[in-house]
């Protein structure tokens, strides 16, 4: 890694630099002269570093407010459940790298999502408590929202995401655990996706209404765009509408011109709906029943429709998802911004070192990864083998089972729910054994099922039963407590990334993008992002046809094609054509990782969605 000498301004390689610890910072000098010169006149050469106190954020200068019910900030801050939150975190990291004047709003979730324990073929859930007081900065003042006729105080905690150039994106995590609130209200923001519809609606009041009011209290007067990451925050534009003086009528156009809505799923469970009686109980006469009914539905409040009706720009998260969303909501114009991942975050240490040597500039401009096509094949394979070693060690540590480094290893890790079809590859154990006799195979699974998702839990049990039946013929392991750290180990350590959703229910998916960044090709159903990322035999392989008829269960046909590809194409190439395999690895990086990243994604939002621009 290269640093800049604070005295002479020349670049200096870290390995050759003279280092100096100064408080909680480290400085690098090209020579003893520069170090001594700095010590003589530190104020003259001091490098500006963003402060981290409450006064360091330019609240009035923020132009975009990004609302998300979940956001993945760090492995020890359990404020996310899965892909939606991980995407939000990656988006904000790229905003920080690109100096986009964003402020993010989410909830604190003091009890987290849940810790997963796998025992006796069953998933058990435990609270994942954490203390924001020890990790975040308290902000003042507070805000107040009305819930069921009561005034509920909302405070904020700030987490700063620092970009590659030192620019900071603040994340506000809203919290109702305030001494002024009665005990029940103090627990509103406790658990992500916990409780019943009443609790969920109260959380969405805190997120949308409380978020807008706290931003206003902090002096965020320059906000031009409110970006709703899924419909949970749809009450935010409703609060904007309510707060505008109505002397000359409702300001529907004004609010709509400031709101952007990203929808993330064709699955019905992903679109919150609340009974009108519950809405009246929780919201009261927030904007009037006639206005709320007109915008969100008379019988049930549909948060997706509320967001659609109050947004000037609506987008799906992949090309195919735009098509599916347009079929679901034909009266609305749906655009497309395909998801991505934050390249620096999801590159394993071994590939990071490889890219640093051969592709300088990739960290700040992931598009540079297109040059991975020219990486030395031996170096690519060496980086992958070391990443695979890390996975093998992790599996042994967690399960006591020792996988083989020289065996073709397939990974499947994502939210455990029925439409993801995690068990598709295990649907014919005899066929799998037959393939493995010629070409040895082993599988690594991971993922959490929502505590109320019994079909998702049954999927986990099915995998564990199949693992016992297959025994050593085809080793199968299931790793509990899937989190950010384990995800990076998995996507970089397996040889092939497997994804088998039921079409067209995979809106995007990002785990395969993370795998591609680490040279791991996908074997995947043509849905979500893979419709755009699959170059057959070059970046990976497709399973089944591109049919999108959701009324047809294609599981049997998909399983047959999966076994055929695995037996006739994927496994033979892995074992017999190492040069060809290394070429596919380089193409996965050069073609897919260079495009499917959040730097490109954020730039698209800036160009097409944010109505008045985001110039600093």
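Just so you know, all these numbers are worked out from the coordinates, no wet-lab data involved. Predicted, not measured: the structure shown is a model, and the values here were computed from it. All Cβ positions, glycine included, derive from the backbone under ideal geometry; neighbour counts span all protein chains shown.
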Quiz item: In nanometres, what is the gap between the two model label sites at residue 465 and residue 485, each 7 Å from Cα along Cα-to-Cβ?
Solution: 3.4 nm
Practice problem: Compute the distance in nm between two label points, each set 7 Å from the Cα along the Cα-to-Cβ direction, one at residue 536 and one at residue 257. | Solution: 4.9 nm
Self-check item: Segment residue 268-residue 298, extension gain: residue separation times 0.36 nm, minus the distance between their alpha carbons
Solution: 8.9 nm
Quiz item: Based only on the alpha carbon positions, what is the Kirkwood hydrodynamic radius of the chain, in angstrom?
Solution: 25.6 Å
Exercise. Starting with the fewest neighbours, write out 30, 8 ranked by other beta-carbon atoms found within 10 Å of each beta-carbon.
Key: 8, 30
Quiz item: What is the Cα centroid distance between region 347-393 and region 473-536, reported in whole angstrom?
Solution: 18 Å
Exercise. Just the Kirkwood number for region 139-238, please: inverse of mean 1/r across all distinct Cα pairs, in Å, one decimal.
Key: 14.3 Å
Quiz item: Taking N as the number of residues in region 323-373, what is its Cα Rg relative to 2.2 N^0.38 Å?
Solution: 1.75
Quiz item: Where Rh is the Kirkwood radius over the Cα pairs of region 477-566, the temperature 20 °C and the viscosity 1.002 mPa s, what D in µm²/s does Stokes-Einstein return?
Solution: 157 µm²/s
Self-check item: Average Cα contact separation per residue, the chain, under 8 Å, 6 or more apart, as relative contact order %
Solution: 13 percent
Exercise. Highest first, please rank the peptides 61-67, 133-139 by the mean number of other Cβ atoms sitting within 10 Å of their residues.
Key: 61-67, 133-139
Practice problem: Would you mind ranking 473, 483, 120 so that the residue whose beta carbon has the fewest other beta carbons within 10 Å leads the list? | Solution: 120, 473, 483
Quiz prompt | Principal axis dimensions, region 349-595 - Cα atoms, whole angstrom, descending | solution = 47, 41, 37
Quiz item: Per residue of the chain, what 222 nm ellipticity follows from adding -39500 (n - 2.57) for every DSSP H run with n ≥ 4, rounded to the nearest 500?
Solution: -10000 deg cm²/dmol
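How high is the FRET efficiency from residue 18 to residue 74, r the C-beta distance, R0 30 Å, rounded to 0.05?
Efficiency, from the Cβ-Cβ distance: 0.40.
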Self-check item: Order by protection proxy (mean Cβ within 10 Å, highest first), peptides 502-512, 154-164
Solution: 502-512, 154-164
Self-check item: Over region 208-300 - Rg/Rh using Cα atoms and the Kirkwood inverse-distance radius
Solution: 0.96
Quiz item: In whole Å, how far is the Cα centre of region 181-216 from that of region 220-268?
Solution: 18 Å
Quiz prompt | Two-site FRET efficiency, residue 198 against residue 151, from Cβ-Cβ distance with R₀ of 22 Å, rounded to 0.05 | solution = 0.75
Quiz item: Stretch residue 374-residue 162 to full length: gain in nm at 0.36 nm per residue minus the Cα-Cα span?
Solution: 73.1 nm
Quiz item: Counting DSSP beta bridges with both partners in the chain, what percentage is antiparallel, nearest 5?
Solution: 45 percent
Exercise. Extending each Cα 7 Å along its Cβ direction at residue 545 and residue 144, get the distance between those two points in nm, one decimal.
Key: 6.2 nm
Quiz item: In which sequence would 359, 460, 543, 569 go, from the one with the fewest C-beta neighbours within 10 Å to the one with the most?
Solution: 569, 359, 460, 543
Quiz prompt | Computed E for residue 290/residue 607 - FRET, C-beta separation, R0 22 angstrom, nearest 0.05 | solution = 0.05
